[in-house]
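Coordinate-derived values only; no laboratory data. This structure is a prediction, so every number in the text was calculated from the model and none was measured. Here Cβ is always computed from backbone atoms with ideal geometry, including for glycine, and neighbour counts include all displayed protein chains.
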Amino acid sequence: MKLEGIHHITAITADAQKNVDFYAGVLGLRLVKKTVNQDDPTVYHLFFADENGDAGSDLTFFEYPGAPPGRAGDGMIWGIRWRLGSEDALGFWEKRLSENGTEAEIDDGVLHFADPEGLAHDLKVVETPDEPLIAEHPEIPAEMALQGFDGAIAHSSNPEASRPLIEEALGFQPLGGPDGRGWELRGDQRGGLWGYSEPPPERGLQGAGSVHHIAWASQMDDHETWRDRVIAAGARPTPVIDRFYFRSIYFREPSGVLFEIATLGPGFTVDEPLESLGEKLSLPPDYEHLREQVEPVLRPINNPRVAA
């Protein structure tokens, strides 16, 4: 039984339209689902991914209009790394980001930048057997497109406290190195990297541009067993929660990062055809009765993909 790398990463935005303009318009991801936060259905939950909405490429955002800027601190994810297919793609993205008003810098083969709300991203050329997860965009050739997540990193003042749970219960494999703070989580289909860094002295603040949680991908039939293993390792997971597009359990790992284990399916085409994913407000059946209350309080979003 193995987890299949990263399922999705969820962050917070204060402005859904600017968020869509950057992630769909500039980075070329596809807005594959426009729905609501199921724990607070008065706010958007936006999902960006590859053309098919595959796990492993899925960056999502809760919109809290006017939310103050966040700041990553101890027990919070502060960086996301994406895969590229060639050195030419590094130069392409350095130029594209700069032309769109985003400062970008290449250092030791990695392109560093932040989104308009300060969420840090890296792009790196990665050799991997994993399928490249790319989206179509009229301004971005397929060979230059982002190819899915490579990994994520969080701050931790005590990463050793997390080692037993992530290695023994969840199957993360240590990468070695002098600091011993990096791991790979690889399943039969896909893998991803995870690491910790020294936290800053300032306390973290959840807000715009900060990451809320990271989800790891589980086969559907293994999901309950993963919950049992997490409990046996001393964590306190939620019951299995049916999110309609996947099923989830949540728990804090010992460094304080909110982990989710999410199933590979049913997927985003369960209520929309593939060709028009993300073009309308989708509400899971249990929330459909709220549509008349919810739609008037959600600000309309212009999707640059639909306009193109």
message: Compute a Gaussian network model of the chain, connecting alpha carbons closer than 10 Å, and tell me which residue from VAL230, VAL270, VAL125 fluctuates the most.
response: VAL270
- prompt: Which three semi-axes in whole Å describe the equivalent ellipsoid of region 251-308, each the square root of 5 times a Cα gyration tensor eigenvalue, listed largest first?
  reply: 27, 17, 15
- prompt: Semi-axes of region 8-105's equivalent ellipsoid from the Cα gyration tensor, sqrt of 5 times each eigenvalue, largest first, rounded to whole Å?
  reply: 24, 16, 14
Inter-label distance for VAL270 and GLU139, nm, one decimal - labels placed 7 Å from Cα along Cα-to-Cβ: 3.5
task: Treat each spin label as a single point 7 Å out from the Cα along the C-beta direction, and report the ASP179 to LYS95 distance in nm.
output: 3.4
- prompt: Which ³J(HN,Hα) values in Hz, rounded to whole numbers, follow from the phi angles of region 55-64 under the Karplus curve 6.51 cos²θ - 1.76 cosθ + 1.60, where θ = phi - 60° and Gly and Pro get x?
  reply: 4, x, 9, 9, 9, 10, 9, 8, 9, 10
task: Per residue of region 262-277, in order, report the coupling 6.51 cos²θ - 1.76 cosθ + 1.60 (Karplus, θ = phi - 60°) as ³J(HN,Hα) in whole Hz, putting x for Gly and Pro.
output: 10, 7, 7, x, x, x, 7, 8, 5, 10, 8, x, 4, 5, 10, 3
task: Take the Cα radius of gyration of region 88-133 and divide it by 2.2 N^0.38 Å, with N its residue count; two decimals is plenty.
output: 1.21
message: So for each of 33-39, 257-263 I average, over its residues, the number of other beta carbons within 10 Å; can you give me the resulting order with the highest mean first?
response: 257-263, 33-39
- request: Enumerate the calculated ³J(HN,Hα) couplings along region 190-198 in order (Karplus 6.51 cos²θ - 1.76 cosθ + 1.60, θ = phi - 60°), each rounded to whole Hz, writing x wherever the residue is Gly or Pro.
  value: 7, x, x, 9, 9, x, 10, 10, 4
- line: One quarter of the C-alpha convex hull surface, i.e. the mean projected area of region 151-308 in nm², amounts to 12.6
query: Considering amide H positions built from the backbone, and no H for Pro or chain starts, which residues 5 or more places from LEU205, or on another chain, come under 5 Å of its amide H?
result: ARG71, ALA72, GLY73
query: Please state the relative contact order of the chain as a whole percent: Cα pairs under 8 Å, 6+ residues apart?
result: 26
- prompt: Counting Lys and Arg as +1 and Asp and Glu as -1, each charge on the Cβ, what is the dipole of region 6-307 about the Cα centre in debye, to the nearest 20?
  reply: 680
Per residue convex hull volume, Cα atoms of region 87-181, in Å³: 151
query: Given the options GLU253, GLU198, GLU127, which has the most mean-square fluctuation in a GNM of the chain, springs set between C-alpha atoms less than 10 angstrom apart?
result: GLU127
query: Once the convex hull of the C-alpha atoms of region 43-86 is built, how many Å³ does it hold per residue, rounded to a whole number?
result: 135
